[in-house]
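The values are calculated or read from the model by the stated rules, or taken from the named source; none is laboratory data. Since we're looking at a predicted model, the values are computed, not measured. So basically every Cβ, Gly included, is an ideal-geometry build from the backbone, and we count neighbours across all protein chains shown.
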Amino acid sequence: MNKLKILIFLLHFIFNVAEAQTNYEFYGIIKLNGNDKSVITYRLVFGENKGIINGYSITDLDGANETKNIIKGTYNKKTKVFEFKENEILYTKSKFSESAFCFVNFSGKVKLVQNTSKLEGDFKGLFKNKTKCIDGTLQLIGSNKIYNLVTKVNKKIQKSKKIDESSKQKYNTVKMLDSLKINKLSKNQNLNVFWESSTAKIEIWDNGQEDGDRINLFHNGKLILSDYLVSNTKKVLTIKLGSANDVFKIVALNEGKIKPNTAKLEFIDKERSFELLATLNKEEEASITIIKKEP
(Lines give C-alpha, C1' and ligand atoms only; values in the text may rest on other atoms or scores of the structure.)
Protein backbone atom coordinates (compact mmCIF):
# COMPACT_ATOMS: atom_id res chain seq x y z
CA MET A 1 0.00 0.00 0.00
CA ASN A 2 2.83 2.40 0.86
CA LYS A 3 4.46 1.75 -2.54
CA LEU A 4 1.14 2.44 -4.24
CA LYS A 5 0.77 5.75 -2.38
CA ILE A 6 4.30 6.76 -3.35
CA LEU A 7 3.62 5.89 -7.01
CA ILE A 8 0.38 7.89 -7.00
CA PHE A 9 2.18 10.85 -5.41
CA LEU A 10 4.98 10.73 -8.00
CA LEU A 11 2.55 10.52 -10.91
CA HIS A 12 0.55 13.42 -9.48
CA PHE A 13 3.74 15.47 -9.05
CA ILE A 14 4.98 14.72 -12.58
CA PHE A 15 1.57 15.58 -14.04
CA ASN A 16 1.45 18.92 -12.21
CA VAL A 17 4.99 19.82 -13.30
CA ALA A 18 4.19 18.92 -16.92
CA GLU A 19 0.99 20.98 -16.76
CA ALA A 20 2.70 23.98 -15.16
CA GLN A 21 5.61 24.32 -17.58
CA THR A 22 5.17 25.49 -21.15
CA ASN A 23 8.03 24.87 -23.57
CA TYR A 24 9.05 27.16 -26.42
CA GLU A 25 11.49 26.99 -29.31
CA PHE A 26 12.45 29.78 -31.70
CA TYR A 27 14.70 30.08 -34.76
CA GLY A 28 15.95 33.23 -36.40
CA ILE A 29 18.74 35.77 -36.46
CA ILE A 30 20.39 38.45 -34.38
CA LYS A 31 21.55 41.64 -36.10
CA LEU A 32 24.40 43.59 -34.56
CA ASN A 33 24.39 47.40 -34.46
CA GLY A 34 27.27 49.72 -35.24
CA ASN A 35 29.87 49.27 -37.94
CA ASP A 36 29.79 45.46 -37.77
CA LYS A 37 26.25 44.94 -39.16
CA SER A 38 26.72 41.18 -38.80
CA VAL A 39 23.75 38.81 -39.08
CA ILE A 40 24.08 35.67 -36.95
CA THR A 41 21.80 32.63 -36.79
CA TYR A 42 20.15 32.08 -33.41
CA ARG A 43 18.09 29.38 -31.68
CA LEU A 44 16.27 29.91 -28.40
CA VAL A 45 14.80 27.04 -26.33
CA PHE A 46 13.21 27.52 -22.92
CA GLY A 47 10.49 26.52 -20.50
CA GLU A 48 8.19 28.94 -18.68
CA ASN A 49 6.87 27.95 -15.25
CA LYS A 50 4.90 30.45 -13.16
CA GLY A 51 6.66 33.34 -14.85
CA ILE A 52 10.18 31.92 -14.49
CA ILE A 53 12.22 31.28 -17.67
CA ASN A 54 14.96 28.64 -17.89
CA GLY A 55 16.60 27.34 -21.05
CA TYR A 56 19.43 27.88 -23.51
CA SER A 57 20.43 29.75 -26.64
CA ILE A 58 22.65 28.67 -29.53
CA THR A 59 24.45 31.28 -31.62
CA ASP A 60 25.93 30.72 -35.11
CA LEU A 61 24.16 27.40 -35.70
CA ASP A 62 26.54 24.82 -37.23
CA GLY A 63 29.07 27.60 -37.77
CA ALA A 64 32.71 28.09 -36.84
CA ASN A 65 31.74 30.05 -33.72
CA GLU A 66 28.72 28.02 -32.59
CA THR A 67 28.11 28.74 -28.89
CA LYS A 68 25.55 27.41 -26.41
CA ASN A 69 24.58 29.55 -23.42
CA ILE A 70 22.33 29.05 -20.41
CA ILE A 71 19.51 31.62 -20.29
CA LYS A 72 17.39 32.74 -17.35
CA GLY A 73 14.57 35.25 -17.20
CA THR A 74 10.95 36.11 -16.45
CA TYR A 75 7.63 36.47 -18.29
CA ASN A 76 4.65 38.51 -17.07
CA LYS A 77 1.50 37.15 -18.71
CA LYS A 78 -0.49 40.29 -17.83
CA THR A 79 1.91 42.90 -19.17
CA LYS A 80 3.46 40.53 -21.79
CA VAL A 81 6.93 41.68 -20.73
CA PHE A 82 9.49 38.98 -21.54
CA GLU A 83 13.05 39.24 -20.24
CA PHE A 84 16.02 36.91 -20.49
CA LYS A 85 19.78 37.01 -20.11
CA GLU A 86 22.52 34.75 -21.40
CA ASN A 87 24.63 34.19 -18.31
CA GLU A 88 26.85 31.14 -18.77
CA ILE A 89 28.63 29.47 -21.69
CA LEU A 90 28.08 25.71 -21.88
CA TYR A 91 30.24 25.15 -24.97
CA THR A 92 31.73 27.05 -27.87
CA LYS A 93 33.67 26.36 -31.07
CA SER A 94 35.06 29.88 -30.98
CA LYS A 95 38.73 30.55 -30.22
CA PHE A 96 37.90 33.65 -28.17
CA SER A 97 38.38 33.62 -24.39
CA GLU A 98 35.31 33.50 -22.13
CA SER A 99 35.84 37.13 -21.08
CA ALA A 100 35.56 38.26 -24.73
CA PHE A 101 32.02 36.92 -25.25
CA CYS A 102 29.16 39.38 -25.61
CA PHE A 103 25.99 38.10 -23.91
CA VAL A 104 22.45 38.88 -25.10
CA ASN A 105 20.23 40.71 -22.57
CA PHE A 106 16.67 41.05 -23.92
CA SER A 107 13.59 42.83 -22.60
CA GLY A 108 10.44 43.45 -24.62
CA LYS A 109 6.71 42.90 -24.97
CA VAL A 110 5.96 39.49 -26.46
CA LYS A 111 2.73 37.52 -26.66
CA LEU A 112 4.04 34.01 -26.08
CA VAL A 113 2.00 31.44 -27.99
CA GLN A 114 3.52 27.98 -27.88
CA ASN A 115 5.97 27.64 -30.80
CA THR A 116 4.03 29.97 -33.12
CA SER A 117 4.98 33.39 -31.73
CA LYS A 118 7.23 35.99 -33.22
CA LEU A 119 9.90 37.27 -30.90
CA GLU A 120 11.36 40.57 -32.02
CA GLY A 121 13.07 43.52 -30.39
CA ASP A 122 16.28 45.20 -29.35
CA PHE A 123 18.79 43.63 -26.98
CA LYS A 124 21.72 44.93 -24.98
CA GLY A 125 25.09 43.24 -25.28
CA LEU A 126 27.08 42.85 -22.07
CA PHE A 127 30.39 41.19 -21.27
CA LYS A 128 30.65 38.79 -18.34
CA ASN A 129 31.78 41.67 -16.10
CA LYS A 130 28.58 43.59 -17.07
CA THR A 131 30.38 46.22 -19.16
CA LYS A 132 28.77 47.14 -22.48
CA CYS A 133 29.74 45.45 -25.76
CA ILE A 134 27.61 45.37 -28.94
CA ASP A 135 23.82 45.90 -28.95
CA GLY A 136 21.50 44.58 -31.63
CA THR A 137 18.07 43.22 -32.52
CA LEU A 138 16.45 39.78 -32.27
CA GLN A 139 14.22 38.46 -35.07
CA LEU A 140 12.87 35.02 -34.14
CA ILE A 141 9.93 32.85 -35.21
CA GLY A 142 8.35 29.93 -33.33
CA SER A 143 9.51 26.50 -34.46
CA ASN A 144 6.03 25.33 -35.52
CA LYS A 145 5.77 28.17 -38.03
CA ILE A 146 9.27 27.45 -39.29
CA TYR A 147 8.55 23.73 -39.72
CA ASN A 148 5.27 24.44 -41.51
CA LEU A 149 7.08 26.70 -43.97
CA VAL A 150 9.99 24.35 -44.66
CA THR A 151 7.59 21.39 -44.99
CA LYS A 152 5.66 23.25 -47.71
CA VAL A 153 8.90 24.11 -49.50
CA ASN A 154 10.12 20.52 -49.22
CA LYS A 155 6.87 19.14 -50.69
CA LYS A 156 7.31 21.37 -53.74
CA ILE A 157 10.92 20.22 -54.13
CA GLN A 158 10.01 16.53 -53.81
CA LYS A 159 7.14 16.84 -56.35
CA SER A 160 9.18 18.77 -58.90
CA LYS A 161 10.05 16.87 -62.09
CA LYS A 162 12.83 19.35 -62.85
CA ILE A 163 14.92 18.25 -59.85
CA ASP A 164 16.78 14.92 -59.87
CA GLU A 165 16.46 12.46 -56.97
CA SER A 166 19.94 13.02 -55.55
CA SER A 167 19.30 16.78 -55.36
CA LYS A 168 15.92 16.16 -53.71
CA GLN A 169 17.66 14.21 -50.96
CA LYS A 170 20.47 16.75 -50.66
CA TYR A 171 18.13 19.73 -50.39
CA ASN A 172 15.48 18.19 -48.13
CA THR A 173 14.64 21.34 -46.15
CA VAL A 174 13.11 19.47 -43.19
CA LYS A 175 16.25 17.36 -42.73
CA MET A 176 18.39 20.48 -43.11
CA LEU A 177 16.47 22.21 -40.29
CA ASP A 178 16.62 19.10 -38.09
CA SER A 179 20.38 18.93 -38.61
CA LEU A 180 20.76 22.34 -36.95
CA LYS A 181 19.72 20.73 -33.66
CA ILE A 182 22.76 18.46 -33.74
CA ASN A 183 26.08 19.72 -32.42
CA LYS A 184 28.42 18.51 -35.19
CA LEU A 185 32.20 18.34 -34.98
CA SER A 186 34.08 18.29 -38.29
CA LYS A 187 37.68 18.21 -39.53
CA ASN A 188 40.10 20.22 -37.34
CA GLN A 189 37.28 21.73 -35.29
CA ASN A 190 37.63 22.11 -31.54
CA LEU A 191 34.76 22.34 -29.08
CA ASN A 192 35.47 24.16 -25.81
CA VAL A 193 33.33 22.85 -22.95
CA PHE A 194 33.19 24.60 -19.58
CA TRP A 195 33.41 22.03 -16.78
CA GLU A 196 32.62 21.79 -13.07
CA SER A 197 33.68 18.34 -11.81
CA SER A 198 37.09 16.63 -11.58
CA THR A 199 36.06 13.69 -13.77
CA ALA A 200 34.46 13.26 -17.17
CA LYS A 201 32.10 10.44 -18.08
CA ILE A 202 32.20 9.82 -21.83
CA GLU A 203 29.74 7.71 -23.81
CA ILE A 204 30.53 6.76 -27.43
CA TRP A 205 28.18 5.02 -29.85
CA ASP A 206 26.70 4.88 -33.36
CA ASN A 207 23.16 6.25 -33.24
CA GLY A 208 22.45 5.18 -36.82
CA GLN A 209 23.29 2.14 -38.91
CA GLU A 210 26.39 0.24 -37.80
CA ASP A 211 28.74 0.38 -40.80
CA GLY A 212 32.20 -0.48 -39.46
CA ASP A 213 33.46 2.97 -38.45
CA ARG A 214 36.65 2.80 -36.36
CA ILE A 215 38.24 5.55 -34.26
CA ASN A 216 41.12 6.34 -31.93
CA LEU A 217 40.50 8.51 -28.88
CA PHE A 218 43.29 10.43 -27.12
CA HIS A 219 43.32 12.23 -23.76
CA ASN A 220 46.04 14.87 -23.47
CA GLY A 221 48.03 13.04 -26.16
CA LYS A 222 47.67 9.60 -24.55
CA LEU A 223 45.80 6.92 -26.49
CA ILE A 224 42.88 5.74 -24.32
CA LEU A 225 40.77 3.98 -26.98
CA SER A 226 42.57 2.19 -29.80
CA ASP A 227 41.07 1.04 -33.12
CA TYR A 228 37.60 1.13 -31.55
CA LEU A 229 34.69 -0.20 -33.62
CA VAL A 230 31.79 2.20 -33.08
CA SER A 231 28.52 0.31 -32.52
CA ASN A 232 24.98 0.89 -31.30
CA THR A 233 26.10 -0.30 -27.86
CA LYS A 234 27.47 2.59 -25.82
CA LYS A 235 31.10 2.50 -24.76
CA VAL A 236 31.40 4.20 -21.35
CA LEU A 237 34.64 5.75 -20.08
CA THR A 238 35.27 7.63 -16.84
CA ILE A 239 38.35 9.85 -17.04
CA LYS A 240 40.04 11.71 -14.21
CA LEU A 241 40.79 15.25 -15.33
CA GLY A 242 44.00 17.17 -14.74
CA SER A 243 44.43 20.52 -13.04
CA ALA A 244 44.83 22.33 -16.36
CA ASN A 245 42.62 22.11 -19.46
CA ASP A 246 42.05 18.59 -20.81
CA VAL A 247 42.04 17.85 -24.55
CA PHE A 248 40.26 14.84 -26.05
CA LYS A 249 41.10 14.13 -29.69
CA ILE A 250 39.10 11.80 -31.93
CA VAL A 251 40.72 10.40 -35.09
CA ALA A 252 38.83 8.59 -37.86
CA LEU A 253 40.70 5.44 -38.92
CA ASN A 254 38.38 4.59 -41.82
CA GLU A 255 35.06 5.54 -43.38
CA GLY A 256 33.13 2.28 -42.96
CA LYS A 257 30.52 1.27 -45.51
CA ILE A 258 28.75 4.64 -45.43
CA LYS A 259 30.78 7.86 -45.67
CA PRO A 260 31.75 9.75 -43.58
CA ASN A 261 32.96 8.19 -40.32
CA THR A 262 30.41 9.15 -37.65
CA ALA A 263 30.49 8.72 -33.89
CA LYS A 264 28.08 10.10 -31.31
CA LEU A 265 29.76 11.27 -28.10
CA GLU A 266 28.24 12.47 -24.85
CA PHE A 267 30.36 14.18 -22.20
CA ILE A 268 28.69 14.12 -18.78
CA ASP A 269 29.52 16.63 -16.03
CA LYS A 270 27.46 16.07 -12.86
CA GLU A 271 23.87 16.97 -13.85
CA ARG A 272 24.87 18.44 -17.21
CA SER A 273 25.69 16.67 -20.45
CA PHE A 274 27.09 17.72 -23.84
CA GLU A 275 26.17 15.61 -26.86
CA LEU A 276 27.90 15.90 -30.22
CA LEU A 277 28.30 14.07 -33.52
CA ALA A 278 31.81 13.70 -34.95
CA THR A 279 31.67 13.50 -38.77
CA LEU A 280 35.11 12.82 -40.24
CA ASN A 281 36.74 11.34 -43.31
CA LYS A 282 39.61 8.85 -43.02
CA GLU A 283 42.59 10.20 -41.02
CA GLU A 284 40.77 13.43 -40.15
CA GLU A 285 40.59 14.54 -36.53
CA ALA A 286 38.67 16.85 -34.22
CA SER A 287 38.95 17.72 -30.56
CA ILE A 288 37.05 18.58 -27.40
CA THR A 289 38.76 20.80 -24.82
CA ILE A 290 37.44 20.70 -21.26
CA ILE A 291 38.02 24.03 -19.53
CA LYS A 292 37.66 24.23 -15.75
CA LYS A 293 35.10 26.82 -14.72
CA GLU A 294 36.35 29.67 -12.60
CA PRO A 295 35.24 29.36 -8.94
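Given the criterion touching a residue at least 12 places away in the same chain (Cβ under 8 Å) and closer than 21 Å to Lys181 by Cα, identify the matching residue among Asp269, Asp246.
Asp269
Which residues, counting only those in region 33-73, are part of a strand (DSSP E or B) and among the acidic types (Asp, Glu)?
Taking region 33-73 and keeping what is part of a strand (DSSP E or B), we get 39-49, 52-59, 67-73.
Matches in region 33-73: Glu48 only.
Pick from region 71-125 the residues that are within 27 Å of Ser273 (Cβ to Cβ) and β-branched (Val, Ile, Thr): which of them is surrounded by the fewest Cβ atoms within 10 Å (Cβ to Cβ)?
The residue in question is Thr74.
Filter region 202-251 for residues that are on the phi > 0 side of the Ramachandran plot and part of a strand (DSSP E or B) and give the result.
Passing the criteria: only Asp227.
Taking region 35-59 as the search range and keeping residues that are modelled with pLDDT under 85 and surrounded by 10 or more Cβ atoms within 10 Å (Cβ to Cβ), which one is farthest from Leu112 (Cα to Cα)?
Asp36
Please give the number of the condition Lys111 fails out of (1) under 18 Å from the mean Cα position of the chain (by Cα); (2) assigned to a loop (DSSP other than H, G, I, E, B); (3) not aliphatic (A, V, I, L, M).
So Lys111 meets the others, but not (1).
I need a count of the residues in region 235-276 that are surrounded by fewer than 14 Cβ atoms within 10 Å (Cβ to Cβ), within 13 Å of Glu203 (Cβ to Cβ) and over 20 Å from the mean Cα position of the chain (by Cα).
So the count comes out to 2.
Per-residue answers, yes or no, for (1) over 25 Å from Ser94 (Cα atoms); (2) not assigned by TED's automatic domain parsing to the domain that holds Leu280:
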| position | (1), (2) |
| --- | --- |
| Asp164 | yes, yes |
| Ser167 | yes, yes |
| Asn192 | no, no |
| Ile204 | no, no |
| Leu217 | no, no |
| Gly221 | no, no |
| Ser226 | yes, no |
| Thr238 | yes, no |
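Does region 176-183 include one or more residues that are more than 29 Å from Ile288 (Cα to Cα), surrounded by 14 or more Cβ atoms within 10 Å (Cβ to Cβ) and modelled with pLDDT under 80?
No, because not a single residue in region 176-183 is more than 29 Å from Ile288 (Cα to Cα), surrounded by 14 or more Cβ atoms within 10 Å (Cβ to Cβ) and modelled with pLDDT under 80.
Report, by residue number, each residue of region 236-295 that is of a type in the set (Ser, Thr, Tyr) and in contact with a Leu (Cβ under 8 Å, 6 or more places away or on another chain).
Thr262, Thr279, Ser287, Thr289
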